[in-house]
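Note sheet for the following structure.
The values are calculated or read from the model by the stated rules, or taken from the named source; none is laboratory data. What you see is a predicted model; the values in this text were computed from it and never measured. With ideal geometry, Cβ positions are generated from the backbone for all residues, glycine too; neighbour counts draw on all protein chains shown.
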């Protein structure tokens with residue numbers, strides 16, 4: 001008869017500096033599940049997936065957002081579509097995103113997504129924003145003014161150039 005195996009340790013572990021790591025947050029787990037669902041849905045649609053499918057999913061996600069993120073998401077969607085019509089709207093980790101040749105270029109993260117105090121407009125490494133050795137890839141958004149909208153439009157144009 002073999003000895004009974006010890007019960008596994010919990011997901012909690014202690015790092016070298018004595019801080020406790022408890023794994024992913026609830027919000028991170030939800031984002032990962034959303035991404036898995038997006039990949040499954042994409043595989044089901046296969047080659048017949050089109051821009052309209054992605055756009056309706058993005059607009060539905062924006063519609064779920066609370067204010068002021070809802071209004072910002074709608075406005076950003078319009079700015080991005082006008083600035084870079086070649087980008088295809090799609091969901092990415094449950095966030096509205098815009099892709100070129102299948103690679104996400106930029107995305108909108110609502111403040112509610114990870115319980116932060118501001119929304120974020122982020123750019124991936126597929127965005128052509130390189131300047132010298134350091135450049136910003138994410139911007140905090142509290143509100144959108146006409147000047148900020150113009151700046152975002154210029155950034156999106158540059159990102160897809």
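Summary table below
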{"item": "Subset of the range 100-111 [closer than 17 Å to residue 35 by Cα and touching a helix residue (DSSP H, G or I) at 6+ places or on another chain (Cβ under 8 Å)]", "result": "105, 106, 108, 110"}
{"item": "Number of positions in the range 130-159 that are touching a helix residue (DSSP H, G or I) at 6+ places or on another chain (Cβ under 8 Å), outside any strand (DSSP E or B) and surrounded by 13 or more Cβ atoms within 10 Å (Cβ to Cβ)", "result": "6"}
{"item": "Residue check, residue 66 outside any helix (DSSP H, G or I), at pLDDT 70 or above and surrounded by fewer than 15 Cβ atoms within 10 Å (Cβ to Cβ)", "result": "yes"}
{"item": "Odd one out for residue 98, checked against (1) modelled with pLDDT of 95 or more; (2) assigned to a helix (DSSP H, G or I)", "result": "(2)"}
{"item": "Residue 127 vs. criteria touching a helix residue (DSSP H, G or I) at 6+ places or on another chain (Cβ under 6 Å), over 23 Å from residue 27 (Cα atoms) and buried (at least 19 other Cβ atoms within 10 Å of the Cβ)", "result": "yes"}
{"item": "Check on residue 109, under 11 Å from the mean Cα position of the chain (by Cα) and without any contact (Cβ under 8 Å) to a residue 40 or more places away in the chain", "result": "yes"}
{"item": "Checklist (1) assigned to a helix (DSSP H, G or I); (2) out of contact with any helix residue (DSSP H, G or I) (no Cβ under 9 Å at 6 or more places or on another chain); (3) at pLDDT 95 or above applied to residue 122, failing item", "result": "(1)"}
